[in-house]
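The values are calculated or read from the model by the stated rules, or taken from the named source; none is laboratory data. Only a predicted model underlies this, so the values are computations on that prediction, with no experimental measurement involved. Heads up, the Cβs are rebuilt from the backbone with ideal geometry, glycines too, and the neighbour counts pull from every protein chain shown.
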Amino acid sequence: MEEGVAQGAGAVKKAVVAITGASGVIYGIRTAQALKEKGFDVDVVVSFEAEKVSIYECGESLFEMLKGFRVYRENEIEAPPSSSSYLAKTVGVVVSPCSTKTLALIAHGIAQDLISRAALAALRIKKRLVLVIRETPLGEIELENALKVARAGGIILPASPGFYNNPKGLRDVINFIVGKTLDALGVENDLYRRWEGVRTDRGLCERL
């Protein structure tokens, strides 16, 4: 059976998505939506910085955009996702986007808030942990932190979209990263066109 996927007929599939204050909160929002569309019961954890970034980038409150989800703030450390016993019944934890601050906390085992606690709990029980790093460029410190997390079992997924799928707009670019994120969780999806060899229907450069 696939590691981390809820077992049994009619079992409710669960997932945790955390959204931090790095640019690109839309990745986390869209990831939560895509998992919900796949039938997952999704817990969302948001940092205080993410609340601010959502206003700047999306022009709307993060809580408004996440209506229909259980949403926790980062200081609610008593919330269910803080416990490995709760995470044991989930497919895993996604942090998208993952700030370099959150990456550092996880790399050094510092359970400072609900996001870092959930991530570390997932690593302890060998659940999938996917960190969508958007920051660029990355310095030696950030790369060393990413390596520590990868060696501990986490998946480092840079928000670097591919263009072989000939995206038609921003939604396609976002869905490429979200699709890759679901792939890393072991969740089947068709959010982006997968590589099938060389195609002739190219037109991306012509649209620049």
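Within the stretch 146-201, restricting attention to residues that are more than 17 Å from I26 (Cα to Cα) and polar (S, T, N, Q), the residue that is modelled with the highest pLDDT is N189. Could you check, for the stretch 65-81, whether at least one of its residues is in contact with a Phe, Trp or Tyr (Cβ under 9 Å, 6 or more places away or on another chain), at pLDDT 95 or above, in a helix (DSSP H, G or I) and over 16 Å from V187 (Cβ atoms)? Yes, that holds for at least one residue.
For the stretch 88-95, the criterion of a residue being in a strand (DSSP E or B) and either without any contact (Cβ under 8 Å) to a residue 40 or more places away in the chain or in contact with a Cys (Cβ under 7 Å, 6 or more places away or on another chain) (or both) is satisfied by no position.
For the stretch 24-58, the set of residues classified as closer than 21 Å to E135 by Cα and of a type outside the set (A, V, I, L, M, F, W, C) consists of G24, Y27, G28, R30, T31, S47, E49, E51, K52, S54, Y56, E57, listed by residue number.
Results for (1) in a helix (DSSP H, G or I); (2) surrounded by fewer than 19 Cβ atoms within 10 Å (Cβ to Cβ); (3) of a type outside the set (F, W, Y); (4) out of contact with any Phe, Trp or Tyr (no Cβ under 7 Å at 6 or more places or on another chain), shown as yes or no for each residue.
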position: K126; (1), (2), (3), (4): no, yes, yes, yes
position: L131; (1), (2), (3), (4): no, no, yes, yes
position: E135; (1), (2), (3), (4): no, yes, yes, yes
position: L138; (1), (2), (3), (4): no, yes, yes, yes
position: A146; (1), (2), (3), (4): yes, no, yes, yes
position: V149; (1), (2), (3), (4): yes, no, yes, yes
position: G153; (1), (2), (3), (4): no, yes, yes, yes
position: S160; (1), (2), (3), (4): no, yes, yes, yes
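The sole residue among K180, K101 that is more than 22 Å from P81 (Cβ to Cβ), within 17 Å of the chain's Cα centre (by Cα) and surrounded by 13 or more Cβ atoms within 10 Å (Cβ to Cβ) is K180.
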